[in-house]
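The values are calculated or read from the model by the stated rules, or taken from the named source; none is laboratory data. All values derive from a computational prediction rather than experimental measurement. Please note: Cβ atoms are built from the backbone with ideal geometry, for glycine as well, and neighbour counts cover all protein chains shown.
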Amino acid sequence: MTKIIEVKNLKTYFYAEGKEVPAVDGVSFDISQGETLGLVGESGSGKSITALSLLSLIPKPPGKIIDGEILFKGENILNYNEKQLRAMRGNQISMIFQEPMTSLNPVFTVGDQITEVLILHSKLKKKEARKKAIEMLKLVGIPLAEKRVDEYPHQLSGGMRQRVMIAMALACNPALLIADEPTTALDVTTQAQVLELMKELKTKFEMATLLITHDLGVVSEVADKVAVMYLGRIVEYATVESFFSKPLHPYSVGLINSIPSMFDEVDRLNPIPGQVPHPTELRKGCRFHTRCPHAKQICIDEEPELLPVKDKQVRCWMYTKQYEFEGAH
């Protein structure tokens with residue numbers, strides 16, 4: 001399959017009050033045509049900053065991409081000027097933002113907001129753009145599209161607004177879709193409908209998708225590959241089947257063990273102890289060692305690299321001879 005995007009050693013840092021905050025610190029991944037990568041991790045792991053970096057939407061200052069490459073169809077978009085970036089955003093690469101009520105403009109109809117994208121990027125006339133907007137609303141399952149196109153965001157339910165966001169993102173048939181927590185604010189039934197819609201549209205448009213979420217259930221439903229992030233680093237990178245059948249990194253194991261199951265006869269969940277440290281509190285060694293039940297002295301002293309282990313890539317000393325030498329087994 002053709003690789004749509006390749007991210008190599010991406011580093012996005014923030015600078016404030018004399019401190020350097022490594023929000024994204026050496027992240028690498030790729031997504032091919034028709035493939036979905038699920039980027040997972042707790043809040044503060046760097047998932048959304050990674051997505052915003054792909055579109056060069058990091059606020060400057062205080063943020064800055066200090067290193068790495070983002071190869072979109074073979075071209076490094078970090079070398080693009082502002083005119084090239086504007087032409088790419090919403091056209092070649094689209095994004096579904098986290099909260100549709102704040103992402104949609106409340107003073108314009110949903111039709112106006114979709115047609116704006118089409119007029120800007122596809123150079124359609126207003127009448128043609130309106131017709132296309134109605135087609136997109138029908139495509140994402142909005143009933144009475146001819147009527148809804150003239151309604152304002154506050155007149156629609158949360159699920160409908162999310163569908164409008166999806167219609168807007170897909171209006172120009174992008175090669176890459178970034179979906180940042182697309183189902184967070186939705187009830188369970190609507191969430192299932194939106195996920196099913198996203199799967200259908202991915203197949204129809206054959207686009208690459210970066211799905212950002214903290215919900216592993218969502219990942220298991222729609223993703224092909226999984227990248228687990230912790231404090232700006234990818235700690236495990238695998239196919240969905242391999243990840244859920246046998247996660248290797250202690251953080252991945254903790255995430256999966258903290259998911260409630262209707263088949264487990266337990267009174268309490270099994271959460272990961274502690275919380276994600278602030279990036280300014282980074283210590284040397286493995287970034288997860290303060291919360292890891294398997295941490296040895298080498299984990300405290302040195303940070304492991306992301307290395308191939310069986311059919312995955314894992315950033316953990318447990319799968320090296322050095323860790324065994326420390327007396328792990």
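Listed values, structure above:
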quantity: Top-ranked residue of segment 130-184 - restricted to ones that are acidic (Asp, Glu) and out of contact with any strand residue (DSSP E or B) (no Cβ under 8 Å at 6 or more places or on another chain), ranked as nearest to Leu55 (Cα to Cα); calculated: Glu135
quantity: Residue match in segment 154-177 (condition: among the hydroxyl-bearing types (Ser, Thr, Tyr) and part of a helix (DSSP H, G or I)); calculated: no
quantity: Filter pass, Val226 being at pLDDT 95 or above, surrounded by 12 or more Cβ atoms within 10 Å (Cβ to Cβ) and assigned by TED's automatic domain parsing to the domain that holds Glu196; calculated: yes
quantity: Segment 230-261, subset aromatic (Phe, Trp, Tyr) and outside any helix (DSSP H, G or I), residue farthest from Ile49 (Cα to Cα); calculated: Tyr237
quantity: Candidates Thr190, Thr203, filtered to the one that is surrounded by fewer than 19 Cβ atoms within 10 Å (Cβ to Cβ), β-branched (Val, Ile, Thr) and free of Cβ contacts under 8 Å to residues at least 40 places away in the same chain; calculated: Thr190
quantity: Qualifying positions in segment 214-230 - under 20 Å from Pro279 (Cα atoms) and out of contact with any His (no Cβ under 9 Å at 6 or more places or on another chain); calculated: His214, Ala227, Met229
quantity: Any hit, segment 17-32, residues being of a type in the set (Asp, Glu), in contact with a Lys or Arg (Cβ under 7 Å, 6 or more places away or on another chain), crowded, with 19+ Cβ neighbours inside 10 Å and in the same structural domain as Thr190 (by TED's automatic domain parsing); calculated: yes
quantity: Which listed residue, of Met136, Met101, is surrounded by 18 or more Cβ atoms within 10 Å (Cβ to Cβ), within 28 Å of Val218 (Cβ to Cβ) and of a type in the set (A, V, I, L, M); calculated: Met136
quantity: Options Lys138, Lys123; residue that is assigned to a loop (DSSP other than H, G, I, E, B), at pLDDT below 95 and not assigned by TED's automatic domain parsing to the domain that holds Met207; calculated: Lys123
quantity: Selection from segment 277-329 of residues that are of a type in the set (S, T, N, Q) and either over 30 Å from Phe14 (Cβ atoms) or outside the structural domain of Val235 (by TED's automatic domain parsing) (or both); calculated: Gln297, Thr320, Gln322
quantity: Subset of segment 58-87 that is surrounded by fewer than 13 Cβ atoms within 10 Å (Cβ to Cβ) and basic (Lys, Arg) - its residue that is farthest from Glu17 (Cα to Cα); calculated: Lys83
quantity: Segment 287-303: number of residues that are in contact (Cβ under 8 Å) with a residue 40 or more places away in the chain and loosely packed, with under 14 Cβ neighbours inside 10 Å; calculated: 1
quantity: Within segment 315-325, considering residues that are out of contact with any Pro (no Cβ under 8 Å at 6 or more places or on another chain) and buried (at least 16 other Cβ atoms within 10 Å of the Cβ), the one farthest from Ala23 (Cα to Cα); calculated: Tyr323
quantity: Qualifying residue in segment 201-208 (condition: assigned to a strand (DSSP E or B) and in the same structural domain as Ile31 (by TED's automatic domain parsing)); calculated: yes
quantity: Index of the failed condition, Ser56 passing every other in (1) touching a residue at least 40 places away in the same chain (Cβ under 8 Å); (2) in contact with a Leu (Cβ under 7 Å, 6 or more places away or on another chain); (3) among the hydroxyl-bearing types (Ser, Thr, Tyr); calculated: (1)
quantity: Output for segment 1-24, where each listed residue is in a strand (DSSP E or B), among the hydrophobic types (A, V, I, L, M, F, W, C) and out of contact with any Leu (no Cβ under 6 Å at 6 or more places or on another chain); calculated: Val7, Leu10, Phe14, Ala16, Val21, Ala23
quantity: Some residue of segment 41-51 being surrounded by fewer than 16 Cβ atoms within 10 Å (Cβ to Cβ), closer than 23 Å to Glu181 by Cβ and of a type in the set (Gly, Ala, Ser); calculated: yes
